Structures are given as C-alpha cells and as structure tokens.
Amino acid sequence: MNPDVEKYLRTAEELLREMEHLMAGGYYRGAMGRAYYAMFHAASAALLAKGLKENSQHAIIPAFDEAFVKTGLVDKKFLGYLRGAFNTRTERDGISFASADHRQAQTNLLRTKEFITACRQLCR
C-alpha cells in the first residue's frame, strides 16, 4: 500500500481513538468534532489509493461521491455519514453541536468506525 495512503489511514485511526477518549471523559462536542476529521482522512486515503487527491475539505465530499458512491463501490449511507459529520463540524458553534449528548456522540462514533472500515477496504 502507498505510504501516503497508510499515513491517512493511521491518522483516521488516531482521531477515532481521540474521539473515544473524549467521549469517555464526557466531552461529546469535542468527540463529534473528531468524527469529521477521522472520516476526512479515511476518505482521503481511499481517494488517494485510486489515484485521486483532494486537499480541500469542501472538495472531499463530491469527490467521494463521484469515485465511490455513484460507481456503486460503497453504499450511499457513507456519503450521508461524511456529509453529516461535515455539517456538524461546520455548525460547531451552533445550538445542535453545542448541545451534543452521549447518544449523538455514540451514533457518530459507530458511523465513524464503519466509515473508516469501508475506506480501508477501498484502499485494497
């Protein structure tokens, strides 16, 4: 596997562990912020494994859609996970993000794990 792809995947896994630690400490807002960045790095790895490189956070979602969802390589729910995490991150100063609770953070944690697993498979 390409070393840069591995680096993106390692970063995604590290951010996932940070998310788990933040949740364990009751820092749900911080945990939800990590979800997007973990997914961003996992999606970047998958795109790079296919010879595509997107550096922009705004470009990663349409690139992921074009390369993997529209081609049927992954279920469209993963695009929803990525979009949802992005929207949560961009609303971090808003009411919905500020009032994050354990249940919301737990849902994001499970989705993030599932997303990283799917992206890891796309890298093969």
**OP:** Please express the Cα-Cα pair-distance distribution P(r) of the chain as a list of whole percents, one per 10 Å bin, running from 0 to the bin with the greatest distance.
**Re:** 15, 48, 30, 8, 0
Original post:
Tell me, in nm to one decimal, what length is gained between H21 and D75 on full extension, where the rule is 0.36 nm per residue of separation less the Cα-Cα distance?
Top reply: 16.6 nm
Subject >> Principal-axis tilt of helix 28-49 within the chain, Cα atoms, nearest 10 degrees >> reply: 0
Original post:
Relative contact order (percent) for the stretch 3-122, with alpha-carbon contacts under 8 angstrom and 6 or more residues of separation?
Top reply: 37
Subject >> Rounded to 10°, Cα long-axis angle of helix 3-24 versus longest principal axis of the chain >> reply: 20
Subject >> Quarter of the Cα convex hull surface for the stretch 10-63, i.e. its orientation-mean projected area (nm²) >> reply: 3.6
Original post:
Helix 102-122 sits at what angle to the longest principal axis of the chain, using alpha carbons and giving 0 to 90 degrees rounded to 10?
Top reply: 10
Original post:
Tell me, in nm to one decimal, what length is gained between K53 and R103 on full extension, where the rule is 0.36 nm per residue of separation less the Cα-Cα distance?
Top reply: 14.6 nm
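Read-outs throughout are calculated quantities, based only on the coordinates presented, and are distinct from any laboratory measurement. The shown structure was predicted, so the numbers you read here are calculated from the model rather than taken from an experiment.
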